[in-house]
Amino acid sequence: MNSLLQSLDPADLQLVLECGELAAARGFRAFLVGGAVRDLVLGLESPDIDVLVVGDAIAVAQDLARQHDGEVLRHHAFQTATVTLRDGRRIDFATARSETYSKPGILPEVTPGTLEQDLERRDFTINTMALALHPDGPGELFDPCEGQEDVRGAQVRFLHEQSFSDDPTRLLRALRFALRLGYRIESRTATGIRAAAQGEFLGDISGARLGREFGKLLSEQPVAGAAALQEWGLLEGVFPGLDVDSGRLTRLAELVESEAPDELRPWMTLALLAVHLAPQERWDLVRRLNLPREAQRIVVDSGEPWRLALEALNQLSVDAPPSAVADVLDVLSAEVLAVGVSGVKESSQRDAALRYLHEHRQLVPDLDGAAILELGCADGPAVGDVLRALRRARIDGDVTDPASERTLAERLVREAN
Ligand code: ATP
């Protein structure tokens with residue numbers, strides 16, 4: 001057996017060989033393909049197991065799920081399936097296909113195909129290697145586009161001149177792989193990217209596909225990805241008026257390390273790229289990229305709502321207590337604040353906003369609504385008023401422990417009744 005296949009984690013090796021046997025039992029052939037093979041060639045661990053079946057991938061996926069009491073999710077339209085095993089491992093199955101592009105950017109016509117046809121429809125040579133899984137020769141490497149050669153030469157190379165017009169999402173994928181692997185972009189491929197940028201190819205793809213690839217690039221490479229888009233002339237093609245300020249992006253990346261959940265990070269970067277967009281343009285941008293609601297909120301609120309909050313901060317007197325800052329900033333999410341703060345130069349407003357973000361935003365009183373009612377407060381808006389006053393007292397350091405908070409609460413309840 002080829003040593004590449006043997007370098008798989010032993011449990012994964014057993015699993016993919018089983019896929020090969022199940023496919024063979026139905027008269028099909030199966031191959032490990034895509035990122036998994038690329039990563040094996042690179043000597044990296046791959047999170048993906050992608051199995052290509054020349055035959056009926058859904059049937060093989062069902063066989064595997066049955067053997068392991070796993071779950072199978074089928075996509076008949078694409079002839080693909082995903083099996084999730086009881087230990088959480090996931091195997092993606094795809095049926096080998098051939099694709100014909102009738103119009104740039106539009107999804108291709110798909111018909112069942114051979115291994116070679118399936119590899120030829122892929123994006124870059126480093127992603128076109130396949131390892132045989134069939135029992136009569138497991139581990140044989142198919143490398144029709146010289147992917148290994150390009151791994152050795154550390155370059156991202158497309159398969160043919162029409163690659164980017166066929167599918168402009170590959171423009172973003174090229175940058176993502178080049179940055180992730182530290183590869184250069186091969187010269188004809190680079191010429192292709194520049195021509196695609198001039199030809200505004202990105203305008204041809206659906207918002208959902210553009211948003212997805214753009215999000216993948218920015219979540220992997222928040223600073224370098226944005227800079228590369230600008231450098232290759234692709235940022236305007238994503239949306240007119242987007243602009244990179246790498247100082248701000250670096251500041252944001254530092255803040256984001258600790259502040260933001262992974263799935264929101266790319267949209268925080270996008271919000272910074274949108275710094276020069278007017279409120280309506282921000283709405284157009286989130287619609288163009290078909291962004292999820294949370295992402296929309298970050299991009300839109302980093303515009304006018306943040307500007308208004310900053311204006312309100314500027315109007316606070318120098319000796320305003322921290323709770324006054326909280327009153328202004330509580331309406332904005334932590335993500336919007338991080339984006340906003342990274343765009344503000346050293347100033348007392350920046351310090352106040354950072355302090356709020358890191359120290360005060362999460363502060364809540366020990367007592368809750370039920371406790372306030374137990375202290376004899378009348379049911380109604382007074383409960384909320386007392387809780388807000390307790391939070392302000394916490395933020396301003398007027399109360400620092402549960403006992404003093406309770407004493408304050410008792411007084412506030414007496415005054416409210
Ligand atoms: P990652 O390590 O980021 O998961 P990957 O190579 O596995 O990278 P996927 O987006 O999961 O990338 O795609 C799996 C495979 O499908 C790729 O290796 C590539 O061969 C192929 N592929 C994905 N998108 C395209 C595309 N737009 N055009 C052609 N081939 C594609």
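Of note:
- Label point distance in nm, residue 283-residue 162, each placed 7 Å from Cα along Cα→Cβ: 4.1
- You can think of it this way: the chain between residue 358 and residue 320 has 11.9 nm of extra reach, that is 0.36 nm per residue less the Cα-Cα gap.
- Note on residue 117 and residue 414: with the Förster distance fixed at 60 Å, the Cβ-Cβ geometry gives a FRET efficiency of about 0.15.
- A dipole drawn for region 157-257 from +1 and -1 charges on Cβ atoms has a positive end, and of 246, 163, 207 the residue lying farthest that way is 163.
- Candidates per GluC sites (Glu not before Pro) in region 308-417, loop by DSSP, up to 14 other Cβ within 10 Å: 346
- In this label model, residue 14 and residue 89 are separated by 0.8 nm, measuring between points 7 Å along each Cα→Cβ vector.
- Dipole magnitude (debye, nearest 20) for the chain, charges at Cβ of Lys, Arg, Asp, Glu: 640
- Cα gyration tensor, the chain - rounded (a/c under 1.5), prolate or oblate: prolate
- Take the chain with all the other protein chains still there, run a 1.4 Å probe, and you get 48 Å² of accessible area per residue.
- Rounded if a/c under 1.5, otherwise prolate or oblate - region 3-148, Cα gyration tensor axes: oblate
- Computed 3J(HN,Hα) for region 186-191, one whole-Hz value per residue from the Karplus formula 6.51 cos²θ - 1.76 cosθ + 1.60 where θ = phi - 60°, is 4, 5, 5, 5, 4, 4, glycine and proline marked x.
- Its relative contact order, with pairs defined as Cα atoms under 8 Å and 6+ residues apart, puts the chain at 9 percent.
- Each of 144, 413, 101 was placed along the dipole of the chain (beta-carbon charges, centred on the mean Cα), and the one lying farthest toward the positive end is 101.
- Considering helices alone, the calculated mean residue ellipticity of the chain at 222 nm is -15500 deg cm²/dmol, with DSSP H runs of length four and up weighted by -39500 (n - 2.57) and normalised per residue.
- Using a probe radius of 1.4 angstrom, the carbon and sulfur fraction of the accessible surface of the chain is 49%.
- Sparsely packed loop sites in region 321-369 (the trypsin sites (Lys or Arg not before Pro) outside DSSP H, G, I, E and B with at most 15 other Cβ atoms within 10 Å) comprise 345.
- For the residues 43, 384, 139, a GNM of the chain with alpha-carbon springs under 10 Å puts the largest fluctuation on 384.
- You can think of it this way: the chain between residue 373 and residue 246 has 40.6 nm of extra reach, that is 0.36 nm per residue less the Cα-Cα gap.
- Within region 3-148: Cβ-based charge dipole about Cα centre, in debye rounded to nearest 20 (Lys, Arg +1; Asp, Glu -1): 400
- With a Förster radius of 22 Å applied to the C-beta separation of residue 21 and residue 73, the computed FRET efficiency comes to 0.50.
- Pair residue 146, residue 216: separation of 7 Å Cα→Cβ label points (nm): 2.6
The values are calculated or read from the model by the stated rules, or taken from the named source; none is laboratory data. From a predicted model like this one, the values you see are computed outputs, not experimental measurements. All Cβ positions, glycine included, derive from the backbone under ideal geometry; neighbour counts span all protein chains shown. To get the accessible areas, we keep the full protein, side chains included, count just its heavy atoms, and leave off ligands, DNA and RNA. Shrake-Rupley method; radii C 1.70, N 1.55, O 1.52, S 1.80 Å.
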